[in-house]
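Chemist: Encoded as structure tokens, here's the structure I'll be asking about.
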Amino acid sequence: MPADDVSTSAAVPEDPVLVAERAHLDRARECLGLMRAAASTLSDVGGDAFASEMLGKSRAVRLKSLADDGRIPPFFGRTDRLRDADDRATGLEEFHIGRRHIRDDSGDPVVIDWRAPMSRPFYQATPAQPLGVALRRRFGFAGAELTSYEDEALTTAAQRSGADPDSRLGQLVVEEIERPRAGPMRDIVATIAPDQDDIVRAPLETSLCIQGSPGTGKTAVGLHRAAYLLYTYPDRLHRSGVLVIGPNAAFLRYIGAVLPALGELDVTQTTVDELTARVPLRGNDSAELAQLKGDERWAAVLRRAVYGGIAKPQDSIQIPLSGRRYRVPVERLRRYVDDVRRSGVPYAIGRERLAMTVAEDARRQREHAGGSPTDAETRRCARSAELGDWLAGLWPEVDARQIVRRLLSDPGALVAASRGAWGGEELALFAAHRHRPIARSVRWTLADAVLIDEVEGLLRRTDLFGHVILDEAQDLSAMQLRAVARRAHTGSVTVLGDIAQGTSPWATTDWAISLASLGKPEAVVRVL
């Protein structure tokens, strides 16, 4: 009798490459845990209370950056690099590329940060220009589980080893690009194209404008640029920082989840509305009036309204110093006023400087007479009632809200400050929608807040950032762009948008116009 038939199937052997890469994945997580454990033992005791506070904050940031989010794989790619320039199959070095640097207890790299110079060939290498890369490997994940890989040969030696020589986008990349977003952002850091990588790694000094239609990844490129700049220029950006400006609160929640996944935590995020939130908003403008309030002509009008109140000294002044009174002649007073105005300092700072300059005149007179007034006595002179009364009539204190309220409630004041900037129909529109002159009854609008921010910029120094990334910039008015420009006066910008997608009354039709309002006419426009 024949033996019973027994159905058997030989076990399918696991791919040895997957086995090895999964082992490296486990090792990377283990090393990351050891790095975090080592960081937790760092002392936060300094020489004084301030030093201890700084050390404690530094340790907290370090621990947060070393946190292991189990949903995000430690690496997404690998390069096999030639040890020398010869195209040989032997002598390859393996480098795994991920969101942050991970090292073992000997200090050797387990994962290289995607922003490091060593990682750039992963994005830039081609068969025509392999940049020392013999083979590029991309990994596929289901959640945090490594499920597949794809090899791309970039040299003849690697091609002889059996890797796919096709230099076009591989199937893993295509699937990654086309798959729906399951979280705050698809894993675009693993699929950055060479032209996007060029934008991300442009020098800090370079201002860029990225024009891209929906789906081109311009926002992702901008956020990767923020992470790259913070990594590459830590000393220069430690104090000034990076500011990311988005169109709404939903965008801020979105990037709040993205940037930590790219290895960066220290980025200031806001919207233009929050940036210029100087007053509570209770009113709304028509599209026509909003467009007019966003016009760049307001910059000159507001400057004249602020500085137009400065008078020319007509008489000398006597001020107290060290128990005596000293006369400062009108000729010198006029020169001091002219010098401060020409210095270009903000209005309120100029007022303080003028007071101190006049007090220093009295100090020199006292010293010439044999006295030795102290710095404290000179400062008291600058704050004296006599000098304060003189300043009140000559260089009066100014409030930004009062300036804007007066211009938007008094047609005569607006005409005087405009000096022909507005036409008759435009002035009539302002007059028809003028604010009430009483402060507490004013129903401020979004466009009004931007005008108030402009005046605040004339009065005082504005916080500056080393780099500003501005998304959906096509929808900003010239006055809103000027508000951003004040924060990026000494830094650079990355502007993101699509002219074809403008939705606001003041949406731009030409990037050159917007970049001029932003104070960066030299910015390079790139199209994705």
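Chemist: Given the residues Arg303, Arg327, which is the only one that is of a type in the set (Lys, Arg) and without any contact (Cβ under 8 Å) to a residue 40 or more places away in the chain?
Modeler: Only one candidate qualifies: Arg327.
Chemist: Restricting region 284-309 to residues that are exposed (fewer than 14 other Cβ atoms within 10 Å of the Cβ) and more than 28 Å from the chain's Cα centre (by Cα), which is farthest from Asp448 (Cα to Cα)?
Modeler: Gly308
Chemist: A further question on this structure: Could you tell me which of the residues Leu459, Leu476 is under 17 Å from Ser517 (Cβ atoms) and surrounded by 16 or more Cβ atoms within 10 Å (Cβ to Cβ)?
Modeler: Unique residue meeting the criteria: Leu476.
Chemist: State the number of residues belonging to region 63-86 that are modelled with pLDDT under 65 and either in contact with a Cys (Cβ under 7 Å, 6 or more places away or on another chain) or surrounded by 16 or more Cβ atoms within 10 Å (Cβ to Cβ) (or both).
Modeler: Residues that pass the stated criteria total 0.
Chemist: Could you tell me which numbered condition Val415 fails, if it satisfies all but one of (1) within 28 Å of Arg461 (Cβ to Cβ); (2) within 38 Å of the chain's Cα centre (by Cα)?
Modeler: (1)
Chemist: So, one more: Give all pairs with beta carbons closer than 8 Å in which a residue from region 384-411 that is closer than 17 Å to Ser441 by Cβ meets a residue that is of a type in the set (D, E, K, R) and in a helix (DSSP H, G or I); count only pairs at least 6 apart in sequence or on separate chains.
Modeler: Val404/Asp448; Leu408/Asp448
Chemist: Just to be sure I understand, how many residues within region 443-482 are touching a residue at least 40 places away in the same chain (Cβ under 8 Å) and either more than 21 Å from Trp298 (Cβ to Cβ) or not aliphatic (A, V, I, L, M) (or both)? Before you say what the answer is, go through the steps one by one.
Modeler: First pass over region 443-482, keeping only residues touching a residue at least 40 places away in the same chain (Cβ under 8 Å): 443-461, 464-480, 482.
The next check asks that each one be either more than 21 Å from Trp298 (Cβ to Cβ) or not aliphatic (A, V, I, L, M) (or both); those that pass are 443-445, 448, 453-454, 456-457, 460-461, 464-469, 471-472, 474-475, 477, 480, 482.
The total comes to 23.
Chemist: Look at region 310-325 and say how many of its residues are surrounded by fewer than 16 Cβ atoms within 10 Å (Cβ to Cβ) and within 13 Å of Ala359 (Cα to Cα).
Modeler: Total meeting the criteria: 3.
Chemist: Restricting to region 5-58, name every residue that is surrounded by 11 or more Cβ atoms within 10 Å (Cβ to Cβ), modelled with pLDDT of 65 or more and not in a helix (DSSP H, G or I).
Modeler: Asp15, Leu42
Chemist: What pairs come up if the first residue lies in region 236-253 and is within 21 Å of Leu476 (Cβ to Cβ), the second is of a type in the set (Lys, Arg), and their beta carbons are under 7 Å apart, counting only those six or more places apart or on different chains?
Modeler: That search, which allows pairs on different chains as well, returns Leu243/Arg487.
Chemist: Confirm whether Val267 is closer than 19 Å to Gly466 by Cα and of a type in the set (A, V, I, L, M).
Modeler: So Val267 fits the description; yes.
Chemist: What pairs can you find where one residue is in region 483-506 and closer than 23 Å to Val455 by Cα, the other is among the acidic types (Asp, Glu) and crowded, with 17+ Cβ neighbours inside 10 Å, and their Cβ atoms are less than 6 Å apart, with a gap of 6+ or different chains?
Modeler: The qualifying pairs are Ala483/Asp453.
Chemist: Six or more apart or on different chains, Cβ atoms under 9 Å: show the pairs whose first residue is in region 190-202 and within 13 Å of Arg225 (Cβ to Cβ) and whose second is assigned to a helix (DSSP H, G or I) and of a type in the set (S, T, N, Q).
Modeler: Pairs that qualify, where the first residue is within 13 Å of Arg225 (Cβ to Cβ) and the partner is assigned to a helix (DSSP H, G or I) and of a type in the set (S, T, N, Q), are Asp197/Gln124; Asp198/Gln124; Arg201/Thr232.
Chemist: Something else about it: Could you list all residues from region 500-525 that are within 19 Å of the chain's Cα centre (by Cα), surrounded by fewer than 18 Cβ atoms within 10 Å (Cβ to Cβ) and on the phi < 0 side of the Ramachandran plot?
Modeler: Ala516, Pro521, Glu522, Val524, Val525
Chemist: Show the residue pairs meeting these rules: Cβ distance below 6 Å; 6+ apart or different chains; first residue within region 10-39 and under 15 Å from Phe141 (Cα atoms); second residue buried (at least 16 other Cβ atoms within 10 Å of the Cβ).
Modeler: So the pair list comes out as Glu21/Leu146; Arg22/Leu146; Leu25/Leu146.
Chemist: Is it the case that region 326-340 has a residue that's part of a strand (DSSP E or B), crowded, with 16+ Cβ neighbours inside 10 Å and over 29 Å from the mean Cα position of the chain (by Cα)? Even if it seems obvious, please write down each step before you answer.
Modeler: Filtering region 326-340 for residues part of a strand (DSSP E or B) gives 326-328.
Subsequent filtering for residues that are crowded, with 16+ Cβ neighbours inside 10 Å retains 326, 328.
Restricting the remaining residues to those that are over 29 Å from the mean Cα position of the chain (by Cα) gives 326, 328.
Yes, that holds for at least one residue.
Chemist: Continuing with this model, one more query. Which of the residues that make up region 215-251 are under 16 Å from Leu470 (Cα atoms) and assigned to a loop (DSSP other than H, G, I, E, B)?
Modeler: Gly217, Gly241, Pro247, Asn248
The values are calculated or read from the model by the stated rules, or taken from the named source; none is laboratory data. Just so we're clear, the structure is a prediction, and the values are computed from it rather than from any experiment. Positions of Cβ are backbone-derived with ideal geometry, glycine not excepted, and every protein chain shown enters the neighbour counts.
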